[in-house]
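Some notes on the structure that comes next.
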Amino acid sequence: MKTLTPKQQALFTLFNEIGIISQLSSARLARMLPHGLTVAQFSVLNHLVRLEGNWSPARLAAAFQVTKGTMTSTLQRLVAKGLISLEPDPSDGRAKHVKLTEAGGVAREAALAAAGPSLGELNAALSPAEIDALIPSLQKLRIWLDKHR
């Protein structure tokens, strides 16, 4: 059996920690979300607010690295809640554009407000300075991974 080099082991440990943090933070977020939102639904709302622009269901599926069927299901639930609308693409009648509704923006803000107290509790684990120091490296890693899918 081939063992990892020290550099490979460090990278494995990094990704292992990120994976565990992702699972734990998603579970924590799920417990806080209002409006019967799931983490997937909140993530779509957050994405639409953060990145704006024209997003087709297929483009969202690619961005979230889920199947078109999975994204369609998530979007249908958001439409049913009035948090997004699916509008026809004027240049292609078969295509749709996902639009955040005013209620969707309000729901996203309510979710952030609901998460606020719990997020504040994280200061017991990391100081504001430590958090600020982590963000640039994590953003750099995210950008590299996004470019090298």
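Using the Karplus curve 6.51 cos²θ - 1.76 cosθ + 1.60 with θ = phi - 60°, what ³J(HN,Hα) values do you get for each residue of the range 92-104, in whole Hz, with x for Gly and Pro?
8, x, 7, 8, 10, 10, 8, 10, 6, 8, 4, 4, x
Please list, or write none, the lysines whose alpha carbon is within less than 27 Å of the alpha carbon of LYS81, excluding same-chain residues fewer than 8 places away.
Within reach: LYS68, LYS96, LYS99.
Using a probe radius of 1.4 Å on heavy atoms only, what accessible surface per residue do you get for the chain? Whole Å² is fine. Write out the running numbers ahead of the final one.
Values: 10240 Å² over 149 residues.
In whole numbers, the chain has 69 Å² accessible per residue.
Using a 1.4 Å probe on the protein chains only, how many percent of the accessible area of the chain belongs to carbon and sulfur? Please report the intermediate quantities before stating the final value.
Details: 6290 of 10240 Å².
Here carbon and sulfur together make up 61 percent of the probe-accessible area.
What's the magnitude of the charge dipole for the chain around its Cα centre, counting Lys and Arg as +1 and Asp and Glu as -1 at the beta-carbon? Answer in Debye, nearest 20. Let's see the in-between values first.
Details: 17 positive and 11 negative charges, 111 e Å.
Roughly 540 debye for the chain.
Give the angle, between 0 and 90 degrees and rounded to the nearest 10, that separates the Cα long axis of helix 68-80 from the longest principal axis of the Cα atoms of the chain.
For helix 68-80, the angle is close to 60 degrees.
For semi-axes √(5λ) of the Cα gyration tensor in Å, the choices are [x] 28, 16, 13; [y] 31, 22, 14; [z] 23, 19, 15; which was calculated from the structure?
Derived directly from the coordinates: [y].
Taking the highest mean first, how do the peptides 106-114, 93-101 order by number of other beta carbon atoms within 10 angstrom per residue? Don't skip to the answer; put the middle values down first.
Details: 106-114: 16.6, 93-101: 14.9.
Output ranking for 106-114, 93-101: 106-114, 93-101.
Classify the range 65-113 as rounded, prolate or oblate, taking a ≥ b ≥ c as the square roots of the eigenvalues of its Cα gyration tensor: rounded when a/c is under 1.5, otherwise prolate if a/b is larger than b/c and oblate if not.
Values: a/c = 2.59, a/b = 1.52, b/c = 1.70.
Oblate is the answer for the range 65-113, as a/c is 1.5 or above yet b/c matches or exceeds a/b.
Where does helix 39-51 land angle-wise versus the long Cα axis of the chain, in degrees 0 to 90, nearest 10?
80 degrees
The values are calculated or read from the model by the stated rules, or taken from the named source; none is laboratory data. Just so it is clear, the structure is predicted and the values come from calculations on it, not from any experiment. Here the Cβ is made from the backbone with ideal geometry for all residues, glycine too, and neighbour counts use every protein chain on show. These accessible areas exclude ligands, DNA and RNA; they are computed on the full protein's heavy atoms, side chains included. Shrake-Rupley method; radii C 1.70, N 1.55, O 1.52, S 1.80 Å.
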